[in-house]
Structures are given as C-alpha cells and as structure tokens.
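Heads up, the thing below is written out as structure tokens.
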Amino acid sequence: MPNFDVFGNINSPVVTEGIGGNGIRSGVLYYANTNPQNTSGSTSFLALQLSNPTTAVRQARIVRVFGGAFTNTILHYIRNGTLNGGVTLNAYNGNFSYPDISQMIPTFIATNSGNPVTGGVTLASFIQVGGPVTNEVDGRVMLSPGDRFIVLLQNAVAGNNIQSIAINWIEK
C-alpha cells in the first residue's frame, strides 16, 4: 500500500516547504481579490480586509499580498482596524479538488471620499511607484478568531488611478 503521507502534512511535516505549497496540497490555501477598481483623487483608497470571525475554529496565516496600480500609491498593512462599509468577496480554494469553503470573510471597498479604515495598528507602509507589488509574507501574519488584517492602497496622485489587491492565506 502506498504511503501518500511520506512527506508529512501541514500539521506535522517531515520536510520543510513554503507554507503556500504545503497548504495547496492540503486544500487549505485560499484566494480573494478586488479586481481592478477605478479611483480618483488624492483622497481615494482601495482596501481589502480579511476577517477571522470570533466563531471560527481556525487561524488564518497570510501567504502573499499582491496587487498594483497604474500610478503612485501608498500601501499600508493594518492590524485589527475597522473597515467602514464594503462588499463581501468570495474566497476561492487554490486546490480545485476541494470546495471553496473558507471560515475567513474577505471584504473590500473602493472610495474617493477618504480613508475607509478607522483604528487599528499600522504594521507597515510602503511607497509604490506605479506597477505591481508582491509581498511574500509566508505565514508571518497570523489571524486568530476575532482578528482582522487590512491591506490599504492610498492614491498618491491627484488624478485617476486603477488599483487592485489580491491576498492568499491558509487556514489551520
């Protein structure tokens, strides 16, 4: 009988591999994205929040944040802020053999009328000259039940901008 667990699993690995590669095989790697959003003016923002409800029995570990903009933007990572408004996104499992059932709730908002986030702690802020941005977090940001992680793109120019944010995470 073959040993399909010869290299371990996500809970007790025998060898080390990136958290994303291990999560995809275990069917616990999820994706959510905002799709391109048109924003206008220096007070415009695009935010994506990943929320772990207090009723969840799993933790989320952020694997990668990626996205971009046509022109200059400022990228902020915010811990446990509150996203005011927004639209709930679908979370998709990266392993097509598993269902798209995530305990996390991804939400986004695009606004031209000021910062949609209140409170929280800014973990990092980056100036991004137009183009793509990718940050391999590799599980170093973890959301326990009740926690929220917000990726906020702030338009840094007075004119129009097209921005998008995508995030993937594992649930353990």
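List of remarks:
- Against the list (1) surrounded by 15 or more Cβ atoms within 10 Å (Cβ to Cβ); (2) under 21 Å from LEU143 (Cβ atoms), the condition THR54 fails is (1).
- Count of residues meeting criterion [surrounded by fewer than 17 Cβ atoms within 10 Å (Cβ to Cβ) and part of a loop (DSSP other than H, G, I, E, B)] in segment 117-130: 3
- Neighbours by Cβ (under 6 Å, 6+ apart or cross-chain): first from segment 135-150, of a type in the set (Ser, Thr, Tyr); second at pLDDT 90 or above: SER144/GLN59
- Hits in segment 50-72 (condition: hydroxyl-bearing (Ser, Thr, Tyr) and under 24 Å from ALA110 (Cα atoms)): SER51, THR71
- Only listed residue being in contact with a helix residue (DSSP H, G or I) (Cβ under 7 Å, 6 or more places away or on another chain) and farther than 24 Å from ALA158 by Cβ, chosen from GLY146, GLY94: GLY94
- Residue in segment 73-82 that is charged (D, E, K, R), more than 14 Å from ALA110 (Cα to Cα), in contact with a strand residue (DSSP E or B) (Cβ under 7 Å, 6 or more places away or on another chain) and buried (at least 18 other Cβ atoms within 10 Å of the Cβ) present: no
- Complete set of residues in segment 131-161 that are exposed (fewer than 14 other Cβ atoms within 10 Å of the Cβ) and modelled with pLDDT of 95 or more: SER144, GLY146
- Segment 1-38, subset touching a Ser or Thr at 6+ places or on another chain (Cβ under 8 Å) and among the β-branched types (Val, Ile, Thr), residue modelled with the highest pLDDT: THR34
- Checklist (1) at pLDDT below 95; (2) part of a strand (DSSP E or B) applied to THR71, failing item: (2)
- Selection count, segment 40-68, where residues are assigned to a strand (DSSP E or B), of a type outside the set (A, V, I, L, M, F, W, C), closer than 22 Å to GLU171 by Cβ and in contact with a Pro (Cβ under 8 Å, 6 or more places away or on another chain): 3
- Residue within segment 118-126 that is within 12 Å of ALA47 (Cβ to Cβ), over 16 Å from the mean Cα position of the chain (by Cα) and at pLDDT below 95 present: no
The values are calculated or read from the model by the stated rules, or taken from the named source; none is laboratory data. Given the structure is predicted, the values throughout are model-derived calculations rather than measurements. Backbone-built Cβ (ideal geometry, glycine too); neighbour counts: all protein chains shown.
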